[in-house]
Amino acid sequence: MLKINNLSANVEDKSILKDFSLNINPGEVHAIMGPNGSGKSTLSNILSGKKGYEISGEVLFENNNLFELETEERAHKGIFLAFQYPLEIPGVNTNIFLKTSLNAIRKAKGEKELDAIEFLKLVKEKARELKFDEEKLNRQLNVGFSGGEKKKNEILQMSMLSPKLSILDETDSGLDIDALKVVSDGVNTLRSKDNSFLIITHYQRLLDYIKPDFVHVLMNGRIIKSGGPELALELEKKGYENFN
Amino acid sequence: MDKREKDIEKLKDYKYGFSTDIENIRAPKGLNEDVIKFISNIKKEPKWMLDFRLKAFERFKQLKEPNWQKPKYPKIDYQDLYYYAAPKSMNDKPKSLDELDPKLLETYKKLGIPLQEQARLNGIAVDAVFDSVSVATTFKDELTKQGIIFCSMSEAIQKHPDLVKKYLGTVIPTTDHFFATLNSAVFTDGSFVYIPEGIKCPMELSTYFRINASETGQFERTLIIADKGSYVSYLEGCTAPMRDENQLHAANVELIALDDAEIKYSTVQNWYPGDENGKGGIYNFVTKRGLCKGKNSKISWTQVETGSAITWKYPSCILKGDNSIGEFYSIAITNNHQKADTGTKMIHLGKNTKSKIISKGISAGFSDMTYRGLVDINSKAKNSSNYTQCDSLLMGNKCGAHTVPYIKNKNFDSNIAHEATTSKISEEQLHYCQQRGLNPEEAVGLIVNGFCKEVLQQLPMEFAVEAQKLVGISLEGSVG
């Protein structure tokens, strides 16, 4: 599904990712763990299409050259990024945002757009599943939401859009244990033989709830070790400093 | 191509930019007593009306053109303009729409203003002003049954002279500022509305202004009177053909609300803004003033200003009656080389008067936007209050936004609150929307509509949809 071959990225002559390679097959859950500044967020930014990086190497998503696709085209093809810092958009109703987004993607895929009634039925169902406060759906997007609510809103959007590849960028940071449970429920519900996940995190904790197939340790822009879930436990015990 | 793209494609080069080839009657070029007499004469006006005009012209000759505004413009040669242009076919005024010049009907059809009976479906009564004259008013009969008068100003002068005499010039006197006085001298047509005591006008009243002839100024005059306990919602829309020269539009609008009456006045102004290099476009120098004359009366201005090369206007409320309320909701968008200096004046004279100002300014491209507003609470206006919220949104780094509030409070029982913000659409917000599948234009449209929401909500439904689209389209090409 996603093939990253020798990806290097620089910002203003500072090298952030160095010859990074990763292969994600349909249905797989990959976790990338690493300390601050190791290049984790750069990776998710680049995959989502954020500008401002000098890039070399190759990224293929279902055999499409990702770098030839605009950000929104990547979304249409099924890439979703749960942002580390979800944005506030004042004046824009959360429901309207969700509906606009869902219909933009449905339209691009040649599917029928949902009318208001169909949409509301779906969003209420998903919100209930995720214990997302329905009243918040009528508030301005992320404005006045707590950190945890913002993250839950990302997961709600993910489950509405049912993307093929979901990238979670430190979605667990700052979450209490209940919210963490909601986030992992969202992922586990969407998990299937077709849908893949790339979970970026500092901590092993999230992986108690979402069992990854692979764990990669990222240091200074490179994967220094890959393994199964046990690698996360080892990392937790030793810490990043002593791991190398 | 999907529907939105098609719509955008259609509108890309200013949808209303066509001109209609119609034979005109014009007054001789220039501004003098003879031209004013010509206008008055061709409209078969009574003597008191001509006297009103000549008095204004006397005053005009002593006035200097103001120069304090932020957007500067090349000197206008007032002797090099036509002050009256009318389709020739209007000379023998048609008695019904069927007798109208088909070319005129075609023009309004292109503009999306159905004048014929199909208009019934929209439930909006329309008065259409083409260059200097009102060409058609729909739904007259139905309104007449309730005693509502909705007609062109020329007709009102003939048929309802008492009302016109009593109210015309009482809010904007003939001794007012330069452009208002010019209008008083040479105004050609416009709309007249009278709502009798206790009547709630059952439909939206709407005037559609169109400048067609070249080198012609448009000076329309609108007068709306809401008698005791009545209510009316009035809409105006404006377009003009694309021309390389700048055209002057200096209208006067007077509103009068008596005891317990309410007037809601909405404008969607989409005059030709000039091309992307700033050539051509309308100078929109308009005086709009409402008088809350009676107690418990209310006047509410809502404007969506997206057109014109220069917009220079301050729709105002004079809150004379005790407990009266004035409101001003504004969205002003400037793109390319457009300039705007707009805002409002709230003059509190009566006790317990309240005013509210919500202004949203959006500037993109090389444009420049100024919010200028006056809140003046008189010493006798005990226990009054004003709330002002003034937000600016910048797109790109070549445009400007300025906020110039003037605040005067002359008593201790009243309070004034002013809030202002300036923000930019951030790269991060755009990226976030794009990651959710929206293209950059859709993303900007969504964010800007969110920014303007409080004002869009004030518009009548029929206009709100139109305005939302217009907001997106006006900012076409301003991303990236």
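Any read-out appearing in this document is the output of simple, stated calculations on the displayed coordinates, not a laboratory observation. Every value quoted in this text rests on a predicted model; they were computed, and no experiment measured them. As a convention, Cβ positions derive from the backbone with ideal geometry for all residues, glycine included, and neighbour counts pool all protein chains shown.
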| field | HN-Hα J in Hz across the range B:429-436 - Karplus 6.51, -1.76, 1.60, θ = phi - 60°, x for Gly and Pro | value | 4, 4, 4, 4, 5, 5, 4, 8
| remark: Expressed as a whole number, the average count of other chain Cβ atoms within 10 Å around the Cβ atoms of A:68-75 is 5
| message | For B:H348, B:H337, B:H431, which order do you get if you count the other beta carbons within 10 Å of each Cβ and list the fewest first? | response | B:H337, B:H431, B:H348
| request: Within 10 Å of each Cβ in peptide A:91-97, how many partner chain Cβ atoms are there on average? Round it to a whole number, please. | output: 5
| note | Rounded to one decimal in nm, the spacing of the 7 Å Cα→Cβ label points at B:T170 and B:E466 is 3.0
| Per-residue Cβ neighbour rank within 10 angstrom, fewest leading, B:I282, B:I172 | B:I172, B:I282
| task | Just check chain A against the gyration tensor rule for me: Cα atoms, a ≥ b ≥ c as the square roots of the eigenvalues, rounded for a/c under 1.5, and otherwise prolate or oblate depending on whether a/b exceeds b/c. | result | prolate
| said: Give me a comma-separated list of calculated 3J(HN,Hα) values for the range B:230-235, in order, Karplus coefficients 6.51, -1.76, 1.60 applied at θ = phi - 60°, integers in Hz, x for any Gly or Pro. | reply: 9, 9, 8, 10, 10, 10
| What length, rounded to one decimal in nm, is gained on full extension from B:I25 through to B:E65, with 0.36 nm per residue of separation minus their alpha-carbon distance? | 11.5 nm
| field | All lysines inside 21 Å of A:K211 as judged from Cα atoms, apart from same-chain residues fewer than 8 positions distant | value | A:K40, A:K151, A:K152, A:K164, A:K181, A:K193, A:K225, A:K237, A:K238
| note | Exposure proxy check on B:F178, B:F150: fewest-to-most Cβ neighbours within 10 Å is B:F178, B:F150
| request: Give me the number: length gained by fully extending B:K408 to B:K200, i.e. 0.36 nm times residue separation minus the C-alpha to C-alpha distance, one decimal in nm. | output: 71.4 nm
| Excluding same-chain residues fewer than 8 positions from B:K70, which lysines have a Cα within less than 23 Å of its Cα? | B:K279, B:K288, B:K313, B:K339, B:K345, B:K360, B:K398, B:K408, B:K424
| note | Taking Cα pairs closer than 8 Å and at least 6 residues apart, the relative contact order of the range A:2-238 in percent is 29
| Quick one: of the DSSP bridges fully inside chain A, what percent are antiparallel, nearest 5? | 55
| request: Calculate the length of the line joining the C-alpha centroid of the range B:45-88 to that of the range A:72-148, in whole Å. | output: 54
| remark: In the protein assembly as shown the DSSP beta bridges are antiparallel at a rate, in percent to nearest 5, of 20
| remark: Which residues qualify? For B:D260, with a placed amide H closer than 5 Å and at least 5 residues away or on another chain, they are B:G229, B:K295, B:N296, B:S297
| field | Those lysines that a straight Cα-Cα span of less than 18 Å connects to A:K121, excepting residues fewer than 8 apart in one chain | value | A:K99, A:K112, A:K131, A:K136
| said: Quick query: amide H of A:L175 versus all other amide H atoms, modeled in the peptide plane; which residues come in under 5 Å with a sequence gap of 5 or more or a different chain? | reply: none
| Can you list the residues, at least 5 places off or on another chain, whose amide H is less than 5 Å from the amide H of B:T267, using H built in the peptide plane? | B:E236, B:T302, B:Q303, B:V304
| query | Averaged across the residues of B:445-451, what count of C-beta atoms belonging to other chains lies within 10 Å of each residue's C-beta? | reply | 5
